[in-house]
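The values are calculated or read from the model by the stated rules, or taken from the named source; none is laboratory data. This one's a predicted model, so the numbers in the text were calculated from it and none came from an experiment. With ideal geometry, Cβ positions are generated from the backbone for all residues, glycine too; neighbour counts draw on all protein chains shown.
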Amino acid sequence: MSEKTPVSALDVAEIDSFDHETDVLVVGFGCAGAAAALEAHAAGARTTVLERQSGGGGSAAMSGGEIYLGGGTPIQTACGFADTAEEMEKFLLSALGPDADAEKVGLYCRGSLEHYRWLTGLGVPFKPSLWDTPTWVPPTDDGLMWMGEFAHPHCDVAVPAPRGHRVTADGFGGRVLMSVLGDAVAASDVAVHTDTGATRLIVERHNTARHSTDRSSSDRGSADGPRVVGVVARHFGETVTYRARHGVVLTTGGFADNADMVAQHAPQLVGLPANSDGGDDGRGIVMAQAVGAAVRHMSAGQVGIALVPGMMVRGMIVNDQGQRFVNEDTYPGLVGQAALFHHGLKVWVILDQQAYEEVPEDQRWGVVPHFVAETADELEREIGMPDGALRTTIGEYNRHAARGEDPYFHKTARWLRPLNPPLAAIDVRRGITPPEHGDAGGGGAEVFTLGGLHTTGDGAVLDLDGGTVAGLYAAGRATSGLHSWGYISGTSLGDGTFFGRRAGRAAAGR
Ligand SMILES: Cc1cc2nc3c(=O)[nH]c(=O)nc-3n(C[C@H](O)[C@H](O)[C@H](O)COP(=O)(O)OP(=O)(O)OC[C@H]3O[C@@H](n4cnc5c(N)ncnc54)[C@H](O)[C@@H]3O)c2cc1C
């Protein structure tokens, strides 16, 4: 799509006749779009999906297939863990904050068991076995994993239970998830128009009502805002128009691939490779902004730091002053955010031979130490840290670890052990190469954006006055979902499918 393609909304009065008509028009066929389309269709709406690529999938099909679910799923129970929606909610509010969307987190946790049943009812497979050590993606087909629930400070506010439900796959499970969702869409009457990229919304500007989310403020309902009634799209160089009688649902993904938008909204992510399918250009977000939509948390980003979690948790991570700055057993994305936002990714994983060798070779992702030394003094000289900095940190760490304690950052006793020479350091900025997608390359991290359209729990897009933009819904990474700044793996596929379903149902009901 040309960058010069206009994004401002087209007035319906300028259209003689629409090329296509439907009840609900879903834009984007990733996980959120598939879920929205299935539920809009199930609610009785004629539904059409537009997808810019030649097939559905989006970033969801490249993903690890980890979905954050809990509240006592059959997988948790089979693995011997009790869980409740309340504990899940407390954890997510702690891990996704500060200022995670409390309403959405509450809906998500209370609806998690039903959502698990919906996914498995469609045929999404989860194996009832636990992968018990920190990793990005288990090398086995285990279906349950920890996402930092045991780590400080979250374990102080919520009873820990593993909630990372990993779609059964040989490797990354996202393609299995999208194949199941895609098959369900194909088996329905949902029309899928591929190679069709939406460029702008079509609105009715007069005699329309804007619907307030605040039922007590009656003055808002009569406001004269635009009503979204369709979409302009490009299909092999031709312009095509779609009328959506009930609503348009934007599920177009985030904006990590749009350098201008990243520079404008999330400057701390500038210059880092995007963790995406390459199509996160933010088009859906700006199309909605052009009709007055509000956005939230646009500066927030997931930071897939280029390290092997199993090595970090057995050793320590330090900045260029040789100082620790986080507990190494927390979800590695939270380590990545701390490393990028506060230390410019100038960070090193420090470990000893035992820690390195305890990580099985198939989980090392080819990472070998960049510096090896007989003493901490020698190691800090090789790295270029201030004299005594790393020696002091290792001395303090070892002194407390010998007693199974970490008074600085509260790493759990399971991972505490004095580090013994020879010592090694891994420079995170040199990158890692996962066996499948997600090659972080150099630079130390891959990122995607967490901010986006401000929506209600039913996916209605909010405007700057807090009313809803009539006829417009959104879900997935095009929205600011559960998160504010924090991130836990599984909350993107989870958030996208859960709120995609709600948006599809709400759009169908209008
Ligand atoms: C390597 C990798 C691993 C990941 N692992 C996990 C994981 O294990 N768990 C997890 O929760 N998250 C994971 N994620 C993140 C997750 O995949 C995404 O956040 C999620 O897929 C977002 O879902 P979505 O439906 O909003 O967007 P997408 O899945 O990206 O789908 C958006 C779709 O919209 C289409 N589109 C965009 N613009 C237009 C337009 N203008 N017109 C028509 N179509 C358009 C795109 O082509 C795309 O198909 C991972 C991501 C990557 C890249």
Yes/no for residue 117 being among the charged types (D, E, K, R), modelled with pLDDT of 95 or more, surrounded by fewer than 24 Cβ atoms within 10 Å (Cβ to Cβ) and not assigned by TED's automatic domain parsing to the domain that holds residue 240: yes
Single match in 319, 275 (criterion: in contact with a strand residue (DSSP E or B) (Cβ under 6 Å, 6 or more places away or on another chain), at negative phi and surrounded by fewer than 22 Cβ atoms within 10 Å (Cβ to Cβ)): 319
- line: Within the range 160-184, of all residues that are surrounded by 23 or more Cβ atoms within 10 Å (Cβ to Cβ) and not in a loop (DSSP other than H, G, I, E, B), the one farthest from the chain's Cα centre (by Cα) is 181
field: Members of the range 476-510 that are under 14 Å from residue 101 (Cα atoms), within 14 Å of the ligand (Cβ to nearest atom) and part of a loop (DSSP other than H, G, I, E, B)
entry: 480, 481, 482, 483, 486, 487
From 51, 21, residue being more than 15 Å from the ligand (Cβ to nearest atom) and touching a residue at least 24 places away in the same chain (Cβ under 8 Å): 21
message: Quick test of your reading of the structure: residue 433 fulfils all but one of (1) over 24 Å from residue 314 (Cβ atoms); (2) surrounded by fewer than 18 Cβ atoms within 10 Å (Cβ to Cβ); (3) within 16 Å of the ligand (Cβ to nearest atom). Name the failing condition by number.
response: (1)
- request: All but one of (1) surrounded by fewer than 17 Cβ atoms within 10 Å (Cβ to Cβ); (2) under 17 Å from residue 25 (Cβ atoms) hold for residue 248, so report the exception by its number.
  value: (1)
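Answer yes or no as to whether residue 36 is within 30 Å of residue 169 (Cβ to Cβ), modelled with pLDDT of 95 or more and within 16 Å of the ligand (Cβ to nearest atom). Steps first, answer last, please.
Numbers: within 30 Å of residue 169 (Cβ to Cβ): yes; modelled with pLDDT of 95 or more: yes; within 16 Å of the ligand (Cβ to nearest atom): yes.
It is true that residue 36 is within 30 Å of residue 169 (Cβ to Cβ), modelled with pLDDT of 95 or more and within 16 Å of the ligand (Cβ to nearest atom).
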field: First in the range 176-196 and closer than 13 Å to residue 55 by Cβ, second anywhere and of a type outside the set (A, V, I, L, M) and surrounded by 19 or more Cβ atoms within 10 Å (Cβ to Cβ), Cβ under 6 Å, 6 or more apart
entry: 178/57; 182/56; 194/51
- prompt: Taking the range 365-409 only, how many residues are over 30 Å from residue 433 (Cβ atoms), in a helix (DSSP H, G or I) and among the basic types (Lys, Arg)?
  reply: 2
message: For the structure I just gave you, tell me whether residue 65 is farther than 19 Å from residue 503 by Cα and within 13 Å of the ligand (Cβ to nearest atom).
response: yes
Residue within the range 453-474 that is more than 15 Å from residue 247 (Cβ to Cβ), surrounded by fewer than 24 Cβ atoms within 10 Å (Cβ to Cβ) and within 15 Å of the chain's Cα centre (by Cα) present: no
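Look through 124, 105 and report the one residue that is crowded, with 19+ Cβ neighbours inside 10 Å and either touching a strand residue (DSSP E or B) at 6+ places or on another chain (Cβ under 8 Å) or in the same structural domain as residue 458 (by TED's automatic domain parsing) (or both).
Numbers: 105 fails: either touching a strand residue (DSSP E or B) at 6+ places or on another chain (Cβ under 8 Å) or in the same structural domain as residue 458 (by TED's automatic domain parsing) (or both).
Just a single option satisfies the conditions, and that option is 124.
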message: Take the conditions modelled with pLDDT under 95, surrounded by fewer than 22 Cβ atoms within 10 Å (Cβ to Cβ) and touching a Phe, Trp or Tyr at 6+ places or on another chain (Cβ under 7 Å) and apply them to residue 98. Does it pass?
response: yes
query: Restricting attention to the range 141-157, which residues are surrounded by 20 or more Cβ atoms within 10 Å (Cβ to Cβ) and touching a residue at least 60 places away in the same chain (Cβ under 8 Å)?
result: 143, 144, 145, 147, 148, 151, 154
query: Condition test on residue 77, is it surrounded by fewer than 18 Cβ atoms within 10 Å (Cβ to Cβ), among the hydroxyl-bearing types (Ser, Thr, Tyr) and not in a loop (DSSP other than H, G, I, E, B)?
result: yes
